[in-house]
Amino acid sequence: MEIIIQPSAQEVGIIAARMVAQIIRKKPYAVLGLPTGSTPLVMYKELIRMHREEKLDFSEVITFNLDEYVGISPEHPCSYNYYMYTNFFSSVNIKPHNINIPDGRARDIPKFCTEFERRIVEAGRIDLQILGIGADGHIGFNEPTSSLASRTRIKTLMPQTRQDNARFFPSLDEVPQHSLTMGIGTIMEAKQCLLMAAGEKKAEAIAKTVEGPITAIVPASALQFHQHTTVLIDEAAAGKLARREYYTKTFDEKPDWQHL
Ligand code: PGA
């Protein structure tokens with residue numbers, strides 16, 4: 001794993017956007033795995049800026065979103081579909097038919113999930129999977145005890161996750177109990193993963209993910225088995241890492257050709 005520690009959430013977002021741009025410029029038909037939540041907002045803003053000011057072209061890019069709530073419509077302001085269009089898709093030149101977001105209202109959920117997985121394979125697999133992390137170590141909505149080999153499926157949300165996400169809903173009662181999420185096995189098949197985190201609340205989950213044992217209790221720890229994962233975090237999220245100086249030195253001394 002490569003660990004990049006930046007002063008604040010702002011720099012985290014800017015570097016994440018640069019990583020995305022680097023991939024798209026090299027491969028215009030890149031396949032991106034996308035997250036929602038507060039952490040990636042700066043990245044989406046910066047990508048929109050790059051599209052407007054630097055002609056970053058999304059016309060051939062294909063995207064797959066990590067997850068979606070079950071039971072709410074795509075137009076619902078708290079749905080991840082709505083989030084993606086409002087914060088990103090409506091402001092860049094991505095083609096609607098290249099956007100894939102789990103359908104939280106699919107009638108036949110197992111069938112939808114199989115089809116979603118099939119579409120990822122058909123697209124040539126995900127080049128860069130961007131991930132947030134929950135305070136409980138979840139990636140996507142793969143809550144603790146999720147199988148580390150899991151595929152896209154329905155998951156019951158942990159009470160803590162519902163509470164953490166209640167800030168986006170009018171009340172806690174309105175936060176759905178279930179989600180559709182790519183599995184950990186699905187995520188692990190991406191060619192490259194980028195895990196982003198900011199804030200003190202994430203420090204423990206980050207320390208366990210990077211320096212703890214691989215365990216289904218901390219789903220993100222599975223990334224230790226991934227051959228190309230970058231963990232991009234701010235100082236606060238790095239607060240509980242024991243080998244922080246080593247990570248900083250490694251980043252500072254990167255050979256030029258590896259620079260972002
Ligand atoms: P956040 O969510 O970016 O809003 O903190 C991350 C997550 O729960 O995966």
### Message
Taking the conditions exactly as written (assigned to a strand (DSSP E or B), more than 10 Å from the ligand (Cβ to nearest atom) and surrounded by fewer than 24 Cβ atoms within 10 Å (Cβ to Cβ)), does Lys155 satisfy them or not?
### Response
yes
### Task
Tell me, yes or no, whether the stretch 127-142 has at least one residue that is more than 13 Å from the ligand (Cβ to nearest atom) and at negative phi.
yes
### Message
Any residue that is outside any helix (DSSP H, G or I), of a type outside the set (Lys, Arg) and free of Cβ contacts under 8 Å to residues at least 12 places away in the same chain - is there at least one of those in the stretch 4-24?
### Response
no
### Message
Can you tell me which residue is most open to solvent (accessible area, probe 1.4 Å) among those in the stretch 211-243 that are assigned to a helix (DSSP H, G or I) and either over 21 Å from Met182 (Cα atoms) or within 15 Å of the ligand (Cβ to nearest atom) (or both)?
### Response
Glu211
### Query
In this structure, does Ala190 turn out to be assigned to a loop (DSSP other than H, G, I, E, B), away from the ligand (no atom under 13 Å from the Cβ) and touching a Phe, Trp or Tyr at 6+ places or on another chain (Cβ under 7 Å)?
no
### Query
Is it true that Asn98 is touching a Phe, Trp or Tyr at 6+ places or on another chain (Cβ under 6 Å) and farther than 22 Å from His228 by Cβ?
no
### Summary
Scanning the stretch 58-72 residue by residue, those among the polar types (S, T, N, Q) and either open to solvent by 10 Å² or more (accessible area, probe 1.4 Å) or part of a loop (DSSP other than H, G, I, E, B) (or both) turn out to be Ser59
### Message
Here are the criteria: (1) touching a Leu at 6+ places or on another chain (Cβ under 8 Å); (2) within 13 Å of the ligand (Cβ to nearest atom); (3) not in a strand (DSSP E or B). Tell me which single one Gln160 does not satisfy.
### Response
(1)
### Task
Return only the number of the condition from (1) touching a Ser or Thr at 6+ places or on another chain (Cβ under 9 Å); (2) at pLDDT 95 or above; (3) away from the ligand (no atom under 16 Å from the Cβ) that Ile24 does not satisfy.
(1)
### Query
Restricted to the stretch 33-57, and to residues that are open to solvent by less than 20 Å² (accessible area, probe 1.4 Å) and free of Cβ contacts under 8 Å to residues at least 40 places away in the same chain, which residue is nearest to the ligand (Cβ to nearest atom)?
Met50
### Query
Looking at the stretch 73-85, which of the residues that are surrounded by fewer than 19 Cβ atoms within 10 Å (Cβ to Cβ), assigned to a loop (DSSP other than H, G, I, E, B) and not acidic (Asp, Glu) is nearest to the chain's Cα centre (by Cα)?
Cys78
## Note on the structure
Of (1) farther than 21 Å from Met19 by Cα; (2) in a helix (DSSP H, G or I); (3) touching a residue at least 60 places away in the same chain (Cβ under 8 Å); (4) open to solvent by less than 60 Å² (accessible area, probe 1.4 Å), Ala203 satisfies every one except (3)
### Task
Assess whether Ala30 counts as being open to solvent by less than 40 Å² (accessible area, probe 1.4 Å), within 23 Å of His97 (Cα to Cα) and hydrophobic (A, V, I, L, M, F, W, C).
yes
### Query
Looking at the stretch 135-150, is at least one residue touching a His at 6+ places or on another chain (Cβ under 8 Å) and open to solvent by less than 10 Å² (accessible area, probe 1.4 Å)?
yes
### Message
The conditions are (1) touching a residue at least 12 places away in the same chain (Cβ under 8 Å); (2) surrounded by fewer than 21 Cβ atoms within 10 Å (Cβ to Cβ); (3) not in a loop (DSSP other than H, G, I, E, B); (4) not polar (S, T, N, Q), and Tyr246 fails exactly one of them. Which is it?
### Response
(1)
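The values are calculated or read from the model by the stated rules, or taken from the named source; none is laboratory data. Just so you know, these numbers come straight off a predicted model, no measurement behind them. Neighbour counts are summed over all protein chains in view; Cβ atoms, including those assigned to glycine, are modelled from backbone coordinates with ideal geometry. Just the protein is used for accessible areas: all its heavy atoms, side chains included, with ligands, DNA and RNA removed. Shrake-Rupley method; radii C 1.70, N 1.55, O 1.52, S 1.80 Å.
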